[in-house]
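Have a look at the structure below, then the notes.
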Amino acid sequence: MNGIPEDYNIAIVDDIKDSQYNVVGDVDKVKPHDGAVFVNPFIVFLENNALGGALAGVNKKQFVHFYNEQTGTGGIIKCAGFGITNDLMRNSKFYRTMMWNMTNRIWRQKNGQPIDLDITKDYLGNPILYTGETKDSTLYYFDDKDGQYYAIDRIEKAEGVNKYNIHRRRVNEHG
Amino acid sequence: MDENNEVIDETIMGKTINSNYALWQTFGGYNSMELKDGEDVLTPSENSIKAVVNAMNNIGIVKPGVNPKEVET
């Protein structure tokens, strides 16, 4: 929750494989992700916010090079970083599982104890407006449990650690 | 809203939000929708992710001994 972190957790995931054929008769195995890096989507948007007018898309290609003058050796690291988007997750359980593993980490203080945050206020104590200023800025979602559309009107802090009351309104497909 | 612009239904849900994932789910998760400019039908959206980023950019952590109002730019 504190923005871009100093340390990252990285997981190595086995790529899926499938057979590939062509009209000449060549047969091979393909690995569709081919060394791809999947990136926490919140980090992708935070990076773009920091880049201002030079912002890139959701998918980026990181390029790192280094050189050791004493030994005359060097290296290059290049890999594609794919931000996990809602679009991807809607289409694949694989991405939904990855999102859960990436981001379902309890907010903690530096001493490891869970922290009681108030997400409704900024660091100066001013309210954070997430939704509902205008019809276009309202947060809507589809609830796949009951098949209905909802608009979030407001979020308020409730009694208890990290407890909130979510005011939501059932709407039709026109909002 | 229905055809007569009347509120259809309103509920208050109690929820524990203690991780970025829980916050993203609160905003609709991957079922996030939006009304795009010039359209009157809800379409799939990335707004739930952007709303979490909005929280990250605003909440911040105030270091001990620092008055945030003095360092505001």
Answer yes if at least one residue in the stretch A:93-108 is exposed (fewer than 11 other Cβ atoms within 10 Å of the Cβ), within 14 Å of chain B (Cβ to nearest Cβ) and out of contact with any Phe, Trp or Tyr (no Cβ under 7 Å at 6 or more places or on another chain), and no otherwise. yes
Where the second residue is modelled with pLDDT under 90 and surrounded by fewer than 17 Cβ atoms within 10 Å (Cβ to Cβ) and the first is closer than 18 Å to A:VAL13 by Cα and among the β-branched types (Val, Ile, Thr) and lies in the stretch A:34-47, which pairs have Cβ atoms under 8 Å and are six or more apart or on separate chains? A:VAL37/A:GLN62; A:VAL37/A:CYS79; A:VAL37/A:ALA80
Condition met for A:PHE66 (in contact with a strand residue (DSSP E or B) (Cβ under 9 Å, 6 or more places away or on another chain) and surrounded by 13 or more Cβ atoms within 10 Å (Cβ to Cβ)): no
What are the residues in the stretch A:78-92 that are more than 8 Å from chain B (Cβ to nearest Cβ) and assigned to a helix (DSSP H, G or I), if any? A:LEU88, A:ASN91
Filter the stretch A:9-44 down to residues that are surrounded by 12 or more Cβ atoms within 10 Å (Cβ to Cβ) and among the basic types (Lys, Arg), then give me how many there are. 1
Could you check, for the stretch A:153-160, whether at least one of its residues is surrounded by fewer than 14 Cβ atoms within 10 Å (Cβ to Cβ) and not in a strand (DSSP E or B)? yes
Looking at (1) surrounded by fewer than 19 Cβ atoms within 10 Å (Cβ to Cβ); (2) facing another protein chain (nearest Cβ under 8 Å), which is the only condition A:GLY75 fails? (2)
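The values are calculated or read from the model by the stated rules, or taken from the named source; none is laboratory data. On a predicted model such as this, the values are computed, not experimentally measured, just so you know. Every residue, glycine among them, receives a Cβ derived from its backbone with ideal geometry; neighbour counts consider all protein chains shown.
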